[in-house]
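Quick note: the coordinates plus some simple rules give every number you see, no bench work behind them. Since the structure is predicted, the reported quantities are computational estimates derived from the model, not experimental observations. Cβ: placed from backbone, ideal geometry, glycine included. Neighbour counts: every protein chain shown.
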Amino acid sequence: MKAKTVLTILMALMLLLVGCAKQPPAGGGELVRLGDEPSTLDPHLTSDVDSAVIVVEVFGGLVTLDTNLKVVPDLAEKWSISSDRKTYTFTLRRDAKFHNGKAVTANDVKWSLERAADPKTLSTTVDTYLGDIVGVRAKLAGESQEVSGVRVIDDRTIEITIDAPKTYFLAKLTYPTAFVLDRDNVEASTEWFKQPNGTGPFKLKEYLPGELIILERFPDYHLGPARLDTVKFFLGGGTPMVMYENDEIQITGVGLADLDRVRDPSSPLSKELHTATPGFQTSYLGMNVSRPPFDDIKVRQALSYAINKDVVASTVLAGRVKPAYTILPPGFPGYSADLTGLRYDPEKARKLLAESKYGADPARLPRITLTVPGALGTAVGLDLEAILAMWRDNLGIQVDVQQVEFATFLRDLDARRLQMYAIAWVADYPDPQNFLDLLFHSQSINNQTGYSNPEVDRLLEAARTEPDETARFQLYRQAEQIILEDAPWVLLWHPGEGYVLIKPEVKNYLLLPIVVPRYRFVYLEK
């Protein structure tokens, strides 16, 4: 899942707070926090963290991730898998309802999956998350009116057949692209998402773009109603620490400027400080390998070798991040610290640049433009400023920076219009396929660099159907090592421990490394 990069992501990930599996008795009250403007509230168009944070609360699918990051039932109460591991039969819960009280049926599931795969929907995620289902790509290409691999057995039973046995398929169904929508609601208006009839624990009570979002408890939620009456997200900006100290919001991440003050034992705020678990996320600079000068592997490698990430992380970012030398973040399934990334070596960087087809003279390089998400005129992150200076000092390369609004950035990214870009990938489900296959297979639509290596494709394809986890993870490690050497990304950071301030009355917040439905577990204690 795409997310804004570096410190912006760290602050956002620290606020992806979720509750434990047991819910307290029903209560009330309103949780208030800052939020980011979602790019969309249509689940089938959701591809970024800011949108997903809201979407997963209002909508749901057949399955979901629990707070232990395990796939568990949502609208489906159970499922069975055929002996060839390709056909899944789901039985829907009898009490699964839309927010207007209408029962969820197997026909709603089928229509929703086919709506996501309809080329008119313009989903950029359907091929990635539903492309394993037989017939999805034919529907997406306009070659079929329905998805042949989705079959309604009766009102409460639906069968889904995939193209090959894949152990991660169920986890993919936890992503918003597979969420169930109400056909009548969607077809009633082009702006249906402003008054959505979802199935999630919260209803969308109010949405004022650029100002606020208010979620309201759905009392008949099939997994148990939330205790909170409402959750309010202020979207209009503001200074988080000031708002927190003025009791305008109840939770905030702590930035570098305030960290020492807040950690001081003499500060009353120190009692409200919590340590956040590092997120499953990698921030990076992507390079379009089809566009000069990134069509030369030696230029790409030189840019990575020219950055002293250890110094930037420890001094500029005050140890709040960990330098990334692997694509998979530490602690993630399949992660291996034994892989060899490209570490700081300015002499090697200069040698590689000299050996490239562009030569040692940086004046011969085509102009490089780095595109970053953000409002025009806002300051570029301190870490990026340091990196730009290292490229200038170590290689003589001057890089221009272009800032664009996040929704525009995402559109340009998906269209591969960007020469070089700064972004991060936040895991959607805990499996190496979610990073390596989705972002580096030559045919993946999430491969925005245009990277292609036949051996990497072969290893990734073999891993898709390998039933033995140890052998499967070894295939991913082989693929990752090749990708690291081919350097389509300049790897930047994995999150370090973060810090969050939480008001004493806010209870049952836990820190998890990825986005899952969270607010129904939270309660206020006065």
(message) Counting only helical runs of four or more DSSP H residues, what would the 222 nm mean residue ellipticity of the chain come to if each run contributes -39,500 (n - 2.57) and the total is spread over all its residues?
(response) -7500 deg cm²/dmol
(request) For region 281-495, compute Rh as the Kirkwood radius over C-alpha pairs and then the Stokes-Einstein diffusion coefficient at 10 °C and 1.306 mPa s; write the answer in µm²/s, rounded to an integer. (result) 90
(request) Find, among the GluC sites (Glu not before Pro) in region 129-182, those assigned to loop by DSSP (not H, G, I, E, B) with at most 11 other beta-carbon atoms within 10 angstrom. (result) GLU143
(message) Quick check on region 124-193: what does the Kirkwood estimate of hydrodynamic radius come out to from the alpha carbon pairs, in Å?
(response) 13.5
(request) Tell me the GluC sites (Glu not before Pro) within region 416-504 that lie in a loop according to DSSP and have at most 16 other beta-carbon atoms within 10 Å. (result) GLU497
(request) In whole angstrom, note down how far apart the Cα centers of region 276-308 and region 473-514 are. (result) 17
(message) Report the Cα centroid-to-centroid distance between region 349-410 and region 235-273 in angstrom, as an integer.
(response) 34
(message) How would region 209-300 be classified by its alpha-carbon gyration tensor: rounded, prolate or oblate, with rounded meaning a/c under 1.5 and the a/b versus b/c comparison settling the rest?
(response) oblate
(message) Ignoring solvent entirely, what values of log10 I(q)/I(0) come out of the Debye formula for region 188-229 at 0.21 Å⁻¹ when each Cα is a single scatterer?
(response) -0.71
(message) Placing +1 on the Cβ of each Lys and Arg and -1 on the Cβ of each Asp and Glu in the chain, which of ALA226, TYR499, ALA188 has its Cα farthest towards the positive end of the resulting dipole?
(response) TYR499
(message) Run the simple label-point estimate for ASP310 and LYS194 please: 7 Å along Cα→C-beta, distance reported in nm.
(response) 5.5
(request) Go through region 109-123 residue by residue and turn each phi into a ³J(HN,Hα) via Karplus (6.51, -1.76, 1.60, θ = phi - 60°); whole Hz please, and just put x for glycine and proline. (result) 5, 4, 4, 5, 5, 6, 5, 4, 8, 6, x, 5, 6, 6, 6
(message) Quick check for me: using +1 on Lys/Arg Cβ and -1 on Asp/Glu Cβ, what's the dipole size of the chain about its Cα centre, in debye to the nearest 20?
(response) 300
(request) Please list the radius of gyration and Dmax for region 60-186, considering alpha-carbon atoms only, with Å as the unit. (result) 13.6, 40
(request) Calculate the translational D of the chain in whole µm² s⁻¹ from Stokes-Einstein, where the hydrodynamic radius comes from the Kirkwood formula applied to all Cα pairs, the temperature is 20 °C and the viscosity 1.002 mPa s. (result) 89
(message) Placing unit charges on C-beta atoms (Lys and Arg positive, Asp and Glu negative, everything else neutral), compute the dipole magnitude of region 60-186 about its Cα centre in debye, rounded to 20.
(response) 160
(message) To make sure I understand, if each residue's beta carbon is the centre and we count other beta carbons within 10 Å, what order do ILE251, ILE158 fall in, fewest to most?
(response) ILE251, ILE158
(request) Please list the non-local residues whose amide H lies under 5 Å from the amide H of ASP36, H modeled 1.01 Å from N, same-chain partners needing a gap of 5 or more. (result) none
(message) Given Cβ point charges of +1 (Lys, Arg) and -1 (Asp, Glu) and nothing else, what value in debye, to the nearest 20, does the dipole of region 281-495 about its Cα centre take?
(response) 600
(request) Find out how many positive minus negative residues lie around ALA313, taking Lys and Arg as positive, Asp and Glu as negative, among other residues whose Cβ is under 15 Å from that of ALA313. (result) 0
